Amino acid sequence: MKLHELSLIELIDFIEKKKISSSEVNNYFSKRIERYNKKLNVYLTVPDETHQSSKEGALKGVGLAFKDNISTKDIRTTASSKVLDNYIPPYNATIVEKILASGGAILGKTNMDAWAHGSSTETSDYGTTRNPYDLDRVPGGSSGGSAVAVASGLVPAAIGTETAESIRQPAAWSGVVGLKPSYGRVSRYGIIAMGSSWDCPGPMTHTVEDAAFLLEILAGQDPYDATSSPTPIDSYRNNLSEKKKLTIGYSLEYFKDVDQEIRNAVMNTIDLLKKNGHSVKEISLMNPKYAVSVYMILQRSEVSSNLSRYDGIRFGNPRSYFASEAKRRIMLGTYALSHGYYDQFYKKAEKVRGMIVDDFNKVFEQVDVIIAPTTPIPAMKIGESEKYPFYGEIMDILGEPVSAAGIPALSIPCGLTTTGLPIGVQIMGKYLDESTVLNVGYELEKEVPFSWKDILKKYE
Amino acid sequence: MSKRLLNNDDVLKLARLAQLSLSDEELDGYRKQLDESLRYVENLNELSIKKLDRTLNISRLENIDREDVADSKRALPQNSALQNASNKKKHYFFVQRILK
C-alpha cells in the first residue's frame, strides 16, 4: 500500500481501524527518507529512534517533520546555521510538547534558510533543498525542507515557521498547503527567535483538513509565551464543512507585476467562489511595498537583538560562524536601532505597521476574507536569486502585509504553470479567524485543477 | 548614482558593535547592500504618520502578568544547562577574564 498517498487524517484512520500500526507507518516513511533524502536534501537530522511519549491521543503515534529552528529535546537543532552545528536543546518547544502529548512523534528535522533568513533554502549552511517538481529549482523558503518533505511524501505532515511568507511561499512553490496562523495563536516558546514580534509556527500539509486538525493541536495560550492569545481556540476541523455565504475581497494592488499564469489561476479561483454563491468585491489595500519596508526595518532590528545571544559561551560556536545573510541583517538592524537613527527608522516603521493593521481592519468591515496570489512568480532556478538585490522581499511582497498585521493566511495550491510548477493562492482573514480562512480553503481545494498525488508518481 | 548613505567606516563600526568580523572583500559588498536597503525604506516618507501612535505589539494584548515565583518545571538542571558549553570548568561556564 502506498502510505505516502494518504493524508495525515486518512493515515490516522487506518491506524484506528487497525489496518496498520503506527510503527509500520513511521518505518515506511523512514525508508522513503533513506531513499530520497540525498536527492532532495530535506532532512538535516533523522533521529535513530522515533521520539515519542505516547501512542495515545489524536495523532496515534504518527511521526511528523519539524523545521530545524524548533527546539527538540535531545535532538540536534541547528536552524541550518553552523553556529548551532552541535547544539542539542535541553528542552522542547511548546509545540513539540503539544504534538508529543497528542500521540505524535518526531520523524526528523528539516532544512531551512539559515536562521530562517531567506526565501529559497539557499542560505542554509547545509545545502539547498530541491524542488520536487523540478530538481534544478528552489523549493522556496525559509520552511523549504518542511514543504518538500510533505510534497515528496517523506512525511505525512510537517511543521514550519513564518516571520513573513516563510510558510506560505515554500508551500506555494512546492505545491502543499501552508497555514500562517494569527500572531499569538500558536506559542513561540522554544522556536529559535528571529523576529519576535512576527514569528508564527504553523502546519504544512497535503490537505486543508490536515492543517485544521494540526492547528487544533498546536494552538492555544502558553504561560511561557506572554504574546500567546487567551482567546479560546475554535473547532477548526468541524467548522470546515459548514456552508457559509461569504463576501470575498480582492485588491488589484496584489495582482500588479504578477506572472500572467499566476494571475489567471488566482482569478479563476475567485470565479469558482463566485459560482459557489459567494459575493466578490474589489477592495483597495495599501501598496504592499510599505509592508516590505516595515518588515525590513523591524525584522532586521529584532534579528540584531535576538542573534546577539550567540556568543559561543553557553552553547553554539562563536560569532565567526555566521554566514553572510545573517551578518547583513544583523548590521542593518544594528544601524536602525543605533543612537540618532532610531526615530528615523524603527519608530517610523512601528507607526506604519499600525497603518497596515488599520488598513486590514477597515477592509474586513466589508469582506470576510481576501484572496490574492501567494507569490508573484513560480519557483526559481537554483542560483537565480543572486541576480535580485531584494530577492526575498520581491518573492515575499504579497505576504508581508499579512505578517505585519499579524492576521492569518492560508496558501493552497490552485494549479500548475504550463512548465509544470505549482501555483499558490492565499486566503487572508481577520485576526484569530482561522476558521473562515480554512473553511474557504477547504471549499476551494476540491475544485481547483491541482492534485498533490500527481507529483508523487515521480517519487514512487 | 545617488549619494552614498554609508561609507566603509560606518560599516566597520556596525560590524564592531555587533561583534562581527568582516573581510576586506566583504566590506564593499555589505556597504552597497546596506545602502540599497536604506534607500528602499525611504518609501515610508511618502506616508504621513506624524499623528500616529507606535504599534509596539500586534498580539492585541496588554499587561500579561504572572506570579513572581520560579517555575521548577521550566528550570534546567545544572548538567543540562551546561551540556552545550564548549568551555566549562567544574560546574560553571568558563569565560575570558574581563577585568584585570
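The values are calculated or read from the model by the stated rules, or taken from the named source; none is laboratory data. Since this is a predicted model, take the numbers as computed values, not measurements. Virtual Cβ from ideal backbone geometry, glycine too; neighbours counted across all protein chains shown.
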Assess whether A:Asp234 counts as being crowded, with 17+ Cβ neighbours inside 10 Å and either within 14 Å of another protein chain (Cβ to nearest Cβ) or part of a loop (DSSP other than H, G, I, E, B) (or both). yes
Under 24 Å from A:Glu209 (Cβ atoms), modelled with pLDDT under 95 and either among the charged types (D, E, K, R) or within 24 Å of the chain's Cα centre (by Cα) (or both): which single residue out of A:Lys275, A:Lys243, A:Lys256 fits that description? A:Lys243
Look at A:Gly202 and say whether it is outside any loop (DSSP other than H, G, I, E, B), touching a residue at least 12 places away in the same chain (Cβ under 8 Å), buried (at least 24 other Cβ atoms within 10 Å of the Cβ) and within 13 Å of the chain's Cα centre (by Cα). yes
Quickly run through segment A:407-424 and pick out the residues that are assigned to a loop (DSSP other than H, G, I, E, B) and in contact with a Ser or Thr (Cβ under 8 Å, 6 or more places away or on another chain). A:Ile407, A:Pro408
Looking at segment A:401-412, is at least one residue surrounded by fewer than 24 Cβ atoms within 10 Å (Cβ to Cβ), touching a residue at least 12 places away in the same chain (Cβ under 8 Å) and not small (Gly, Ala, Ser)? no
When (1) surrounded by fewer than 18 Cβ atoms within 10 Å (Cβ to Cβ); (2) away from chain B (no Cβ under 14 Å); (3) in a helix (DSSP H, G or I) are applied to A:Asp257, the one that fails is (3)
Quick one: which residue in A:Ser7, A:Ser80 is touching a residue at least 12 places away in the same chain (Cβ under 8 Å), of a type in the set (Ser, Thr, Tyr) and touching a His at 6+ places or on another chain (Cβ under 7 Å)? A:Ser7
Any chance you could count how many residues in segment B:13-41 are more than 8 Å from chain A (Cβ to nearest Cβ), under 19 Å from A:Ser301 (Cβ atoms), buried (at least 17 other Cβ atoms within 10 Å of the Cβ) and not acidic (Asp, Glu)? 0
The residue that is surrounded by the fewest Cβ atoms within 10 Å (Cβ to Cβ), considering only those in segment A:431-459 that are over 18 Å from the mean Cα position of the chain (by Cα) and in a loop (DSSP other than H, G, I, E, B), is A:Lys446
Return yes or no: is B:Leu44 touching a Phe, Trp or Tyr at 6+ places or on another chain (Cβ under 9 Å) and either buried (at least 16 other Cβ atoms within 10 Å of the Cβ) or closer than 30 Å to A:Met331 by Cα (or both)? yes
Take the conditions under 27 Å from A:Ile12 (Cα atoms), out of contact with any His (no Cβ under 7 Å at 6 or more places or on another chain) and touching a residue at least 60 places away in the same chain (Cβ under 8 Å) and apply them to A:Pro170. Does it pass? no
B:Leu44 fails exactly one of (1) farther than 30 Å from A:Asp358 by Cα; (2) among the hydrophobic types (A, V, I, L, M, F, W, C); (3) not in a loop (DSSP other than H, G, I, E, B), namely (1)
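Matching residues to (1) surrounded by 24 or more Cβ atoms within 10 Å (Cβ to Cβ); (2) touching an Asp or Glu at 6+ places or on another chain (Cβ under 7 Å):
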site: A:Val42; (1), (2): yes, no
site: A:Val46; (1), (2): no, no
site: A:Ser54; (1), (2): no, no
site: A:Gly57; (1), (2): no, no
site: A:Gly61; (1), (2): no, no
site: A:Asp68; (1), (2): yes, no
site: A:Lys73; (1), (2): no, no
site: A:Arg76; (1), (2): no, no
site: A:Ser80; (1), (2): yes, yes
Subset of segment A:174-201 that is closer than 13 Å to A:Leu214 by Cβ and aliphatic (A, V, I, L, M) - its residue that is farthest from the other protein chains (Cβ to nearest Cβ): A:Val176
Given A:Ser284, A:Ser228, which one is within 14 Å of another protein chain (Cβ to nearest Cβ) and either out of contact with any His (no Cβ under 9 Å at 6 or more places or on another chain) or crowded, with 20+ Cβ neighbours inside 10 Å (or both)? A:Ser228
In segment B:47-61, which residue that is facing another protein chain (nearest Cβ under 8 Å) and not aliphatic (A, V, I, L, M) is surrounded by the most Cβ atoms within 10 Å (Cβ to Cβ)? B:Thr55
Hey, any hits in segment A:304-314 for a residue that's within 17 Å of A:Glu393 (Cβ to Cβ) and facing chain B (nearest Cβ under 10 Å)? no
If A:Asn317 passes every condition in (1) within 7 Å of chain B (Cβ to nearest Cβ); (2) of a type in the set (S, T, N, Q); (3) in contact with a helix residue (DSSP H, G or I) (Cβ under 7 Å, 6 or more places away or on another chain) but one, which one does it miss? (1)
Tally the residues that are buried (at least 20 other Cβ atoms within 10 Å of the Cβ) and touching a Leu at 6+ places or on another chain (Cβ under 9 Å), restricting the search to segment A:241-250. 2
What is the residue count in segment A:162-199 for residues that are of a type in the set (Gly, Ala, Ser), farther than 19 Å from A:Leu307 by Cα and over 9 Å from the mean Cα position of the chain (by Cα)? 6
Let me confirm something: among A:Ala58, A:Ala65, which residue is part of a strand (DSSP E or B), on the phi < 0 side of the Ramachandran plot and of a type outside the set (Phe, Trp, Tyr)? A:Ala65
